[in-house]
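Encoded as structure tokens, here's the structure I'll be asking about.
The values are calculated or read from the model by the stated rules, or taken from the named source; none is laboratory data. A quick note: this is a predicted structure, and the numbers were derived from the prediction, not measured. Please note: Cβ atoms are built from the backbone with ideal geometry, for glycine as well, and neighbour counts cover all protein chains shown. Side chains included, ligands, DNA and RNA excluded: accessible areas come from the protein's heavy atoms. Shrake-Rupley method; radii C 1.70, N 1.55, O 1.52, S 1.80 Å.
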Amino acid sequence: RFTVKELFAHASALANQSVSVTAWVRTVRDSKTFGFLELNDGSFFKNVQVVFDSDLENFSDVAKLPISSTVTVEGTLIYTPDAKQAFEIRAAQVRIDGYSVSDYPLQKKRHSFEYLRSIAHLRPRTNTFSAVFRVRSLAAFAIHQFFQERGFVYVNTPIITTSDAEGAGEMFRLTTGTNDEFFGKPASLTVSGQLNAEAYSLAFGNVYTFGPTFRAENSNTARHAAEFWMIEPEMAFAELADLLMVAEDMVKHVIHYVLEHAPEEMAFFDQFVEKGLLARLQHVVESDFARVGYSEAIELLKTAKVDFEYPVSWGLDLQSEHERYLCEQVFKRPVFVTDYPKDIKAFYMRMNDDGKTVAASDLLVPGIGELIGGSQREERLEALKKRMVEMGLNPEEYAWYLELRAYGETKHAGFGLGFERLLMYLTGMSNIRDVIPFPRTVGHAEF
Ligand code: 4AD
Ligand code: MG
């Protein structure tokens with residue numbers, strides 16, 4: 001018995017041989033004397049074509065099969081390299097293993113992504129989502145491979161936490177129904193594993209996390225989800241410049257990996273989702289990412305011949321229209337913006353000598369905006385405490401985090417990459433809801 005993927009891979013070697021495949025029926029067509037089945041088993045997004053004729057003892061049952069029924073076909077593989085279908089199976093036997101009811105919602109016509117979101121439990125059965133979620137799996141593997149090959153230790157940081165890692169007040173609060181203080185104090189779902197990753201970095205040197213994070217952000221955009229996966233490497237003895245090199249290498253590694261291991265899926269996206277995707281990704285792996293200081297970026301925006309909706313001035317955060325202008329119009333490739341004003345960034349970022357900016361960097365990429373946020377961490381105990389107080393945080397609530405400084409004031413740096421945003425960048429899919437299996441956004445937690 002072969003998978004559909006194996007039949008495609010070995011069609012010429014299997015020519016005229018007897019093969020068997022178990023799969024779901026994607027389409028059925030028949031005339032009086034013969035018919036066609038298109039079958040898919042999930043191993044590949046393409047379908048295998050099966051021809052059956054009226055010699056089949058159960059011909060009329062097969063011809064009436066509802067879409068999505070399960071069958072096992074045995075027959076001869078006919079190899080036709082010059083035809084539209086490179087091969088087909090002439091069925092000697094079609095065993096019906098399971099019947100679908102007749103109102104299967106996925107018909108042969110193309111459905112909108114919006115409609116498919118409303119049947120998120122069935123959409124992985126379509127070609128597009130088959131390709132998206134196979135690439136998601138491969139990209140996750142590529143990320144582990146990248147870090148493991150460089151000696152980074154994979155750390156599992158907690159999902160339930162009592163400290164706000166970003167200090168931004170976007171935590172989902174946990175309650176048990178009868179007792180709000182199961183943990184002795186209010187607990188929440190984590191917004192980032194960074195603070196815990198820092199603890200392990202200051203023991204192992206280089207570490208990374210890869211796990212779910214949660215944000216109660218009221219942003220109803222195509223790039224924000226309430227539950228998303230983040231990769232957070234943290235490196236001891238490292239500065240901002242070291243971090244940018246790792247981030248650039250990592251993004252390029254993942255692109256190479258999916259181009260090499262999912263060529264058919266990537267070609268499918270190039271044809272049906274974003275024309276020119278392959279050329280765009282090729283350009284990204286071949287060019288160096290750009291770098292620009294925040295202050296210079298502000299000057300570039302001020303002189304832009306574009307009417308921005310939001311104001312541009314030193315000290316204000318960049319809005320997504322500004323971010324996209326910088327990477328899409330000015331640099332035309334991924335760009336690291338560095339050294340942001342301290343007041344628009346998190347408490348843990350290392351103060352620069354000017355006392356006004358921090359050693360932080362966001363990676364902005366065309367089509368998406370912010371893909372990565374990172375920084376060198378404030379390792380100086382007194383400076384960190386002072387900053388926390390200035391920002392209205394209570395140092396006592398972060399006592400363990402401060403001890404990481406007390407016991408070694410070690411330089412270190414790290415970043416966070418939003419996995420779904422990376423997938424949008426890799427596949428050309430334009431909505432974050434279409435690259436995570438069961439999306440959670442404002443007003444939506446079905447399935
Ligand atoms: O910039 P953020 O908030 O940084 C942190 O959480 C740091 N603790 C990371 C670190 O230094 N270890 O988030 C990092 C990345 C963003 O650049 C973005 O790609 C993604 O996480 N992200 C989101 N993705 C989807 N939906 C959301 N609501 C997101 N918020 C952030
Ligand atoms: Mg950020």
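So what's the convex hull volume per residue for the Cα atoms of the chain, in Å³? Don't jump to the answer; show the numbers that get you there.
Working: hull volume 80.9 nm³, N = 447.
Per-residue hull volume (Cα only) is 181 Å³.
With a cap of 14 neighbouring Cβ atoms within 10 Å, and only residues DSSP puts in a loop, list the chymotrypsin sites (Phe, Trp or Tyr not before Pro) found in region 233-301. Spell out each step's value before the answer.
Details: sites: Phe237, Tyr257, Phe268, Phe269, Phe272, Phe289, Tyr294; in loops: Phe237, Phe289.
Qualifying residues, ordered by number: Phe237.
Just report the Cα centroid separation between region 149-223 and region 27-73, whole Å.
What the calculation gives is 49 Å, centre to centre.
Another question, if that's okay. Using 1/(1 + (r/R0)^6) with R0 = 25 angstrom and r between the beta carbons of Arg110 and Asn431, what's the FRET efficiency to the nearest 0.05?
Rounded to the nearest 0.05, the efficiency is 0.95.
Next question, about the same structure. How would you classify region 81-125 from its alpha-carbon gyration tensor, with a ≥ b ≥ c the square roots of the eigenvalues: rounded for a/c under 1.5, else prolate if a/b is greater than b/c, otherwise oblate?
It is oblate, given that a/c is not under 1.5 and a/b is not larger than b/c.
Given contacts defined as C-alpha pairs under 8 Å and at least six residues apart, what's the relative contact order of region 60-108, whole-number percent? Could you put the intermediate results ahead of the total?
Numbers: 66 pairs, mean separation 21.7, N = 49.
Across region 60-108, relative contact order equals 44 percent.
Counting other Cβ atoms within 10 Å, keep those with at most 15, restrict to DSSP loop, and tell me which chymotrypsin sites (Phe, Trp or Tyr not before Pro) in region 366-436 are left. Working shown, then result.
Working: sites: Tyr398, Trp400, Tyr401, Tyr407, Phe415, Phe419, Tyr425; in loops: Tyr407.
Passing sites in region 366-436 are Tyr407.
Viscosity 0.890 mPa s, temperature 25 °C: give me the Stokes-Einstein translational D for region 315-447 in µm²/s, with Rh taken as the Kirkwood radius over C-alpha pairs. Show your work: numbers first, answer last.
Numbers: Rh = 16.9 Å.
Translational diffusion coefficient: 146 µm²/s.
Fully extended, how many nm does the chain gain between Lys302 and Val442 (0.36 nm per residue separation, minus their Cα-Cα distance)?
Values: separation 140, 0.36 × 140 = 50.40 nm, distance 3.37 nm.
The span from Lys302 to Val442 would gain 47.0 nm if fully extended.
Also, quick follow-up: Consider a paramagnetic label point 7 Å from the Cα of Trp314 along Cα→Cβ; state which residues of region 334-378 have an amide N under 13 Å from it.
Zone members listed by number: 340-342, 354-357.
Please report the carbon-and-sulfur percent of the accessible area for the chain; probe 1.4 Å, protein heavy atoms only, DNA, RNA and ligands left out.
Numbers: 10610 of 21120 Å².
Solvent-exposed carbon and sulfur of the chain make up 50 percent of the total.
Just grab the label-to-label distance for Thr72 and Ala406, each label 7 Å out from Cα along the Cβ direction, in nm (one decimal).
Here the modelled spin labels are 6.7 nm apart.
So what is the relative contact order of region 4-98, in percent, for Cα pairs below 8 Å that sit 6 or more residues apart?
On the way: 204 pairs, mean separation 29.8, N = 95.
This gives 31 percent for region 4-98.
Using a ≥ b ≥ c from the Cα gyration tensor of region 1-132 (square roots of the eigenvalues), is it rounded, prolate or oblate, where a/c under 1.5 gives rounded and otherwise the larger of a/b and b/c decides, a/b for prolate? Write down the numbers at each step before the final one.
Details: a/c = 1.99, a/b = 1.31, b/c = 1.52.
Oblate shape, in that a/c is at least 1.5 and b/c is the bigger or equal ratio.
I need the GluC sites (Glu not before Pro) found in region 41-88, filtered to DSSP loop residues with at most 15 other beta carbons within 10 Å of theirs. Don't skip to the end; give the middle numbers.
Values: sites: Glu57, Glu74, Glu88; in loops: Glu57.
Answer by residue number: Glu57.
Let me ask another. In straight Cα distance, which lysines are under 16 Å from Lys46, not counting same-chain residues fewer than 8 positions off?
Lys5, Lys84, Lys108, Lys109
Separate question: Which lysines does Lys342 reach when only Cα atoms under 29 Å apart count, and residues fewer than 8 places away in its own chain are ignored?
Lys302, Lys305, Lys332, Lys356, Lys385, Lys386, Lys411
Just how far, in whole angstrom, is region 81-139 from region 387-447 if you go by their alpha carbon centroids?
Region 387-447 and region 81-139 have Cα centres separated by 35 Å.
Using the C-alpha atoms of region 234-358, what convex hull volume per residue, in cubic angstrom, is computed? Numbers along the way, then the final one.
Details: hull volume 17.6 nm³, N = 125.
Spread over its residues, the Cα hull of region 234-358 gives 141 Å³ apiece.
Using Cα pairs closer than 8 Å and at least 6 residues apart in sequence, work out the relative contact order for the chain, in percent.
Working: 812 pairs, mean separation 58.0, N = 447.
The normalised contact order for the chain reaches 13 percent.
Using only the heavy atoms of the protein chains and a 1.4 Å probe, how would Met391, Met424 rank by accessible area, largest first?
Working: Met391 70, Met424 10 Å².
Putting Met391, Met424 in descending order of accessible area: Met391, Met424.
With every protein chain kept in place and ligands, DNA and RNA left out, what is the accessible area per residue of the chain? Probe 1.4 Å, answer in Å².
Values: 21120 Å² over 447 residues.
With the other protein chains kept in place, the chain gives 47 Å² per residue.
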